[in-house]
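Working notes, structure below.
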Amino acid sequence: MAGSQWELPPELCCRPMAFVALTGLDVVYNAVHRAIWDAFCANRRADRVPISFKVLPGDHEYPKCRTKRTSYEWYIPKGILKTGWMNKHLNLVPALVVLFYELDWDDPQWKEKQSECATKVEIVRTSLQGRNTKVAVVLIQKKTPLPPGEDLVASERAAALCNACDLSGKSLFVLPHTDHLVGYIIRLENAFYEHAQTYYYTEIRRVKSHKEFLNKTTHQLLFVRHQFKIAFFSELKQDTQNALKYYRTAYSLVHELRAHETNMLEIKTMAGFINYKICRLCFQHNTPLDAIAQFRKHIDLCKKKIGSAELAFEHAAWMSKQFQSFGELFDEAIKLGLTAIQTQNPGFYYQQAACYSQDRKQQAQQLCQGGASHPSTEPLDTQSGGLDFYGQRPWRQGHQSIDPPDAEKEKTGILALQIKERDVPHSELIIALLSNAVAQFKKYKCPRMKSHLMVQMGEEYYHAKDYTKALKLLDYVMCDYRTERWWGLLTAILTTALRCAYLMASVKDYIIYCMELLGRASTLKEEQKSRIEKNLIRVLMNEVPDAEPECDSSSISTARSLWSDRMSLAGSKELTIEVQDYIPFIQCKAKFQSPSFHVDQPIQLQVYLRADCPHPVSFNKLAVSLSNQEYNQWCVLESSDHRNMSLLPGKTKLYNFSFVAKTEDVGKKIEMTGVELMLGSEGRCVFVSWRGAGGDAASAHEALQAGRSSRQWGRCMEARQEPDWDSLSMQHSTMIISRVPKISVQLGHQPPALNNEMYCINLTIQSQEQGIATDVKLTAGLKPGQDANLSQTTHVTLDGSKVCDDAAPALLTDVPLGDLKPGEKLEKCVFVKCVSNGPRVFLFHVAYSIDTTVEGRQIVCKCHKFEPLDRLVVDIPFLLMTDILSSSPWPLLLDSSSLQLLAMTSNTPQRQSQLQEVVLQTGECASECFCLRCPPQTNSNSTVATGQYLISWRSADSPLIQTTVTLPHVILESIPLYIHAELPSFGRVRESLSVRYHIENRTALVQEVEMAVEPSDAFMFSGLKQVRLRILPGSEQQMLYNYYPLMAGYQTLPQLNISLPRCPNTNTHTLRRFLPQRIFVKVTKSWKCVLTTELAVTGI
Amino acid sequence: MNYTSRANNYPLYIRSVPTQNELKFHYTVHTSLDVVEEKISAVGKSLGDQRELYLGLLYPTEDYKVYGYVTNSKVKFVIVVDSSNTSLRDNEIRSMFRKLHNSFTDVMCNPFHNPGDQIQSKAFDGIVSGMMVQTG
């Protein structure tokens, strides 16, 4: 009942649809009738005509029609709109009554049935006396009708029936009960719809016709009423454009009414109704801007129409409802496809509605304080249980005079309303509206608006004394304000939250909010902080804290008893509060003094604490927990230690801890997992705990600001003993690293190392320890983690007397070297043999034990080697050239060299190495040349291994070393044609130069060859420019050309293009390689003469 | 009437007259940032640097008008005025913002001011007070 006075009536909010009554259907016992009725009601989708059907008995009494007024002359209207009117036309007065009657055309008892039908029609007509409601008859028939005009009996009997029932032919329908029932029904209802529209049209005409009888002085209310009715009938007729037009006129008329205190509510109520209709239609017509404009206009017009001051809350309630219902309309339109934006969405309307509800609550609290203790609702009771007209007072219905007819009654009436208002659950209404708004703002990306509304919701819950919900909401948004750093707002929220926590005696929450309100983010005044701190200390002593200001006295007394219950409770008195995400009044920053410690040094850990509260605060225990919990025992400070454990306001206090790391932790990280501070002792213990190395929600930003600040330099200088808090950095982890070894390891070697050489690296180890280094071990060899091939091509040995074999490992591990006395020196040679070239990183690792500490040391060296070069070779006879380039810094003696061929054969007989006994200095090169031929291969276009080149060499005094160089693989191509040219080694300018091309067919097929010579600037030539010829398998063709050089110097010969038209994909480009590209053309003496004579001629 | 300017969304300076009900204005300014951020991100996509600093009326409330202005370095200025104050047109608001911006630049040029700290400047106070008195 609470807010229902302000709810819009459902008949206003629904979509008006034509009302058609169906009679003569027995839907309970007759299956055929039931099926017909179901076909009418089921599946009423948007494509069906908008009709609301109702089954009524044949003798149903319709609302009586009042006798028509012939003159309005003495008529004084009692109100604007009757409360029952809309419902009457939606649900009670049909536009059309349809009589269903079972009758086939060939019924044997036709006469009797016809008259029975006529009687039934007559009964309906009588009960509709005076109404314009249409009547129609539907004959339910068992047989499928014949096409119109064919059944003569039917048309004759139809005419007779119409006559008997006094019906027009258009109002008689036949419904064959066959398979296609739904199809027939849809056709029927379309016909009904037409009848209904005609009915509403005549109703509109009827209402319009009253207008001429009205006069502007006494019938102002009727103008509004009639426009509203016309608009409503238009809506029933589904003529929404005209409906909108009439509603708009009605709206302006309603504001022309003379408004005074007694009828203000009626005017506003009607204005609200009409506004609702207009906005609804505008949204329906997809003109949301019109709707918004209309609503704004409506609000502007009505905002100031407060009416009776004693009932000011009514205005607020009405305003709230206006915003709410507009918001709902807007939201509904969005669901149907309208798009809203961030700055124009339903949320704003819900928010404003909530705002007015808050006003309403405030006004209700002010106005409804007095009143009888036994509220009498008597003045609000009416005979009928409801009002006759919308928006009137129950105790003076129908009165339209400016002054209330009975002053006494008026007073009791108002009082009764005030008393009723007192019981309205305002907070509930406000919260519902706010949560609607929150949902909207969430949708339209307004996170801050959402937070703000949630704060309001929390406050409302607080007022409604639902502290748990209030805290839940406030707690949720607090962190948003904290991260946004709006301290003023955060403080306001915390203050409310603290009140909630106090009133529900929630100890933990109370302590948390106290701690944050005392912190540096709080904008509270000093005396407030001081009061809160005293309360906090009281709670820590297990005493009841003082009440928060601005709490009402009744809740304070309940809170007191709650607190004392809680305090006397045995149970655990220990609380742990994680403060990392708050901004507590005690700040903590902890650091390891260094990011790494050697294992033989004590680890230094510092904890800085600082209190921001107005009074000193003392604590009883400080503990740092570390990732290795074994160290925790060293990082505890307890009150028994007699150290100063009180923190002064605004002063930084430093606590030092130190401990020795265990040797197992060498190479590991030690992290601080948390810092814990215990407040209070007997009574109640609160562990304030920070994760990691302290810091809180605001410290990161403060550190950033401090880093940016220019002032910090000065600040640090002037206050040496107390470091600047903000620029203190945290160091939450430290590395335990091994002790610095006191041993020197030196490597002596002369890079580069040569391939296959037994390369010697000298290692000198000297102890600088005070004591004896025992158990010295050497690990030497290739550093692991390099290319996997290197470990197979590198061999390390300690034995330098002979060339080591492939079995030698790449890395010698843990070679025992015995003990080293202080200052003792030890030398060792390590030989390295590398079989492949490339840089290598070697690892030398010396480990020894001293006292109890194990130490190690690494030294790294690099090796280099020289590398041979590769060439590409083709088939046919070819030359293989090997270049040996010495990149060794020492002279190398080449002993011998030889080729080991695989697929190739040598074209020349084997002879002695050309390089025997050659000494190569650094950078010198020795070349050897071999003429080879590749025999025909079975598989073409594949790579063929050439073979190996063996070189025996040695440097000054090392053993003879044989290096094997694998020669590069060559790609073998079998070519269909082989071409070579015969031409002199040079030509002369303007002297004929004959060139003979030999073209050989190397395949077993006859080859067709196309040859063309491209013109060249440097030559004239004679011979076949373009020719096509055939070459038999194995035979060759010769082509002779006479080239005539025109220019001197190296000249490109005319290009010979050869193509095989039979096999176009053969790469003839490879053929060009066999042909000389250029020739040197010498200048002739005569040419020079010619040149001079020509010059002479031009000179003349 | 209420002036604020802020960077990185926490307040650098807030002042309101009359001082009662100050909290409500703080909330109004804070919530208006939703719109400011949305506008900045929308503009950022289309026009790049050629941005109009003045954002105009941010959103309508029943009682107040909220205007916004964002500098190129994303420092936000918000002015809240009473809806009934009709003497303030768009142009006046625009020039007020420009004045604020100039004064803010002066504050930033002060070598002793640490950017990001609350603004404590007599000159800036003076400018703000002047505007508040002028507009009533």
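So which of A:ARG482, A:ARG520, A:ARG448 is of a type outside the set (Ser, Thr, Tyr), part of a loop (DSSP other than H, G, I, E, B) and closer than 20 Å to A:ALA698 by Cα?
Only one candidate passes the filter, namely A:ARG520.
Filtering the range A:560-588 down to residues that are surrounded by 15 or more Cβ atoms within 10 Å (Cβ to Cβ) and assigned to a strand (DSSP E or B), which residue is modelled with the lowest pLDDT?
It comes out as A:LEU575.
Restricting the range A:692-709 to residues that are assigned to a loop (DSSP other than H, G, I, E, B) and within 12 Å of chain B (Cβ to nearest Cβ), which is modelled with the lowest pLDDT?
Once the filter is applied, the top-ranked residue is A:SER709.
Going through the range A:55-97 one residue at a time, which ones are surrounded by 15 or more Cβ atoms within 10 Å (Cβ to Cβ) and farther than 25 Å from A:TYR251 by Cα?
The answer is A:VAL55, A:LEU56, A:GLY58, A:HIS60, A:TYR62, A:VAL93, A:PRO94, A:ALA95, A:LEU96, A:VAL97.
Could you say which residue among A:LEU146, A:LEU161 is part of a loop (DSSP other than H, G, I, E, B), aliphatic (A, V, I, L, M) and in the same structural domain as A:GLU112 (by the TED database)?
A:LEU146
I'd like the full set of residues that are over 16 Å from A:ALA611 (Cβ atoms), part of a helix (DSSP H, G or I), aliphatic (A, V, I, L, M) and more than 35 Å from the chain's Cα centre (by Cα), limited to the range A:491-517.
Scanning the range A:491-517 gives A:LEU498, A:ALA501, A:LEU503, A:VAL507.
If a residue must be crowded, with 23+ Cβ neighbours inside 10 Å and farther than 22 Å from A:LYS472 by Cβ, how many such residues does the range A:520-531 contain?
Residues flagged as crowded, with 23+ Cβ neighbours inside 10 Å and farther than 22 Å from A:LYS472 by Cβ within the range A:520-531 amount to 0.
Which is of a type in the set (D, E, K, R), more than 30 Å from A:THR663 (Cβ to Cβ), in contact with a helix residue (DSSP H, G or I) (Cβ under 7 Å, 6 or more places away or on another chain) and in contact (Cβ under 8 Å) with a residue 24 or more places away in the chain, of A:ASP546, A:ASP612, A:ASP565?
So the residue among A:ASP546, A:ASP612, A:ASP565 that is of a type in the set (D, E, K, R), more than 30 Å from A:THR663 (Cβ to Cβ), in contact with a helix residue (DSSP H, G or I) (Cβ under 7 Å, 6 or more places away or on another chain) and in contact (Cβ under 8 Å) with a residue 24 or more places away in the chain is A:ASP612.
Inspect the range A:228-238 for any residue being over 25 Å from A:ALA95 (Cβ atoms) and in contact (Cβ under 8 Å) with a residue 12 or more places away in the chain and give the result as yes or no.
The answer is no, given that none of the residues of the range A:228-238 is over 25 Å from A:ALA95 (Cβ atoms) and in contact (Cβ under 8 Å) with a residue 12 or more places away in the chain.
Which number in (1) within 14 Å of chain A (Cβ to nearest Cβ); (2) more than 20 Å from B:HIS30 (Cα to Cα); (3) among the aromatic types (Phe, Trp, Tyr) marks the one condition that B:PHE124 misses?
It is condition (1) that B:PHE124 fails.
Restricted to the range A:657-691, and to residues that are among the polar types (S, T, N, Q) and farther than 23 Å from A:VAL617 by Cβ, which residue is farthest from the other protein chains (Cβ to nearest Cβ)?
Selected residue: A:THR663.
Which condition number in (1) over 30 Å from A:GLU332 (Cβ atoms); (2) part of a helix (DSSP H, G or I); (3) of a type outside the set (Gly, Ala, Ser); (4) modelled with pLDDT of 90 or more is the one that A:PHE100 fails?
Status for A:PHE100: all satisfied but (2).
Against the condition more than 29 Å from A:PRO16 (Cα to Cα) and part of a loop (DSSP other than H, G, I, E, B), how does A:PRO94 come out, does it pass?
no
Kindly indicate which of A:TYR481, A:TYR476 is away from every other protein chain (no Cβ under 14 Å) and of a type in the set (Phe, Trp, Tyr).
None of the other options fit; the residue is A:TYR476.
Which number in (1) at pLDDT below 65; (2) over 28 Å from A:CYS760 (Cβ atoms); (3) acidic (Asp, Glu) marks the one condition that A:ASP957 misses?
Exception for A:ASP957: condition (2).
Looking at the range A:589-605, is at least one residue crowded, with 18+ Cβ neighbours inside 10 Å, more than 44 Å from the chain's Cα centre (by Cα) and more than 29 Å from A:THR652 (Cα to Cα)?
So far as the range A:589-605 goes, yes, one or more of its residues are crowded, with 18+ Cβ neighbours inside 10 Å, more than 44 Å from the chain's Cα centre (by Cα) and more than 29 Å from A:THR652 (Cα to Cα).
Given the structure, is B:VAL80 within 11 Å of the chain's Cα centre (by Cα), at pLDDT 85 or above and either surrounded by 19 or more Cβ atoms within 10 Å (Cβ to Cβ) or at the interface with another protein chain (Cβ under 10 Å from one of its Cβ atoms) (or both)?
Considered against the rule, which asks whether it is within 11 Å of the chain's Cα centre (by Cα), at pLDDT 85 or above and either surrounded by 19 or more Cβ atoms within 10 Å (Cβ to Cβ) or at the interface with another protein chain (Cβ under 10 Å from one of its Cβ atoms) (or both), B:VAL80 comes out as yes.
The values are calculated or read from the model by the stated rules, or taken from the named source; none is laboratory data. A quick note: this is a predicted structure, and the numbers were derived from the prediction, not measured. Glycine gets a Cβ as well: all are built from the backbone with ideal geometry, and neighbour counts include every protein chain shown.
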